[in-house]
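In what follows, a structure is listed as structure tokens, so that the remarks can point back to it.
Nothing in this text is a laboratory measurement; each read-out follows from the coordinates by a stated rule. Only a predicted model underlies this, so the values are computations on that prediction, with no experimental measurement involved. Neighbour counts run over all protein chains shown; Cβ positions are idealised from the backbone, glycine included.
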Amino acid sequence: MRDVATYGGDGGQPVERRTWSRFRYPDTLIAFAVQLGVLVLLGVSLVYLDVRLERLLEFGQRFGALIVDRYYPPELSLLSEPLYIQAIFDTMQMAYLGTLFGLLLAAPLAWFAAFNLSPNKRFLYPFGRLAIMGCRAVHEMIWTILLVSILGFGMLAGTLALTLFCIGFAGKLMSEEIEAIDKGQVEAIRATGANELQVFAYAVLPQVRVAWTGIAIYTWDVAFRAATVVGFFGAGGMGWYLQRYVQQLESQRVAAVLISIVLLVVISEVVSAWARARVARAK
């Protein structure tokens, strides 16, 4: 659809009319080639990966039979055992500490990695970008495996893994918020002779404070979900129980652990949604 200017009406004023027209060459050919390429790629992927669509029709029945045969009824008495309750609190503490340390390190790195306001584009900007990208490039499970092999089993490795995860996750979002601020306030503070740190404190932070608070809450929410399973790789907490019962083929206890993880994730989602709503109203 395109706009065509015609003349008519009172005083011969121009009147815009919208008329429909077909795409012209080579637009139609390019669009057709892209659509055909996507369909061919989809078909080749299904054949190469040996994805049998007819098996998806049996998924619900097979999944239900697996749950009934192995995991039902869940051994809910596990949830009242003191050691497992302590593991739940350990998981929550691990998520809290990982998020706290990660955010404290992500804030200055985000400042360094923001192209428009980095205090030093020659050294600090590539350093901040590299640090954030390096933490984001490695999955938190891989970080856990590496740190467990270095530090041994325990919550220290899990806390450090979550810290690195939060640096990559929050640092990327925080740097983007800095790059989207109004430069007028920055120039006004600089005109007073303020240094880079003062510019960041008095011109940048007031503009990103609310957005960063929302990012911090969301980061904690995601880190809490990750903390429930990093213990599977040796970081302790609820994940250690999950690994133990999976290896011992105690399926009913595995079901109880999974139920507790789901409940805690739901609770954390409700709390984080409430906190984000409060932050949104504060804007």
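For the reader, a short list of remarks on this structure follows.
- Farthest toward the positive end of the dipole of the chain, out of LEU130, GLY214, GLN252, is the Cα of LEU130, where the dipole comes from beta carbon charges about the Cα centre.
- Structure remark: mean-square fluctuation, Gaussian network model of the chain, C-alpha springs under 10 Å; the largest value among LEU41, LEU53, LEU78 belongs to LEU41.
- Choice from VAL40, VAL204, VAL257 showing the highest fluctuation, given a GNM over the chain with Cα pairs closer than 10 Å: VAL40
- Among ALA256, ALA33, ALA226, the largest mean-square fluctuation in a Gaussian network model of the chain (Cα springs under 10 Å) belongs to ALA33.
- Prolate/oblate/rounded label for the chain (Cα gyration tensor, a/c 1.5): oblate
- Alpha-carbon centroid distance for the pair region 102-132 / region 166-208, whole angstrom: 11
- Listed peptides 188-199, 260-271 by packing density, highest first (mean Cβ within 10 Å): 260-271, 188-199
- Placing +1 on the Cβ of every Lys and Arg and -1 on the Cβ of every Asp and Glu, with no other charges, gives region 76-281 a dipole of roughly 300 debye about its Cα centre.
- For LYS183, LYS172, the sequence from fewest to most other C-beta atoms within 10 Å is LYS183, LYS172.
- Computed over the chain: relative contact order in percent, which uses C-alpha pairs under 8 Å that are six or more apart: 21
- Working note: 222 nm ellipticity from helices only, DSSP H runs with n ≥ 4, each -39,500 (n - 2.57), summed and divided by the residues of the chain, gives -23000 deg cm²/dmol to the nearest 500.
- Kyte-Doolittle at least 1.6, axis length at least 18 Å by Cα - qualifying DSSP helices, the chain: 27-48
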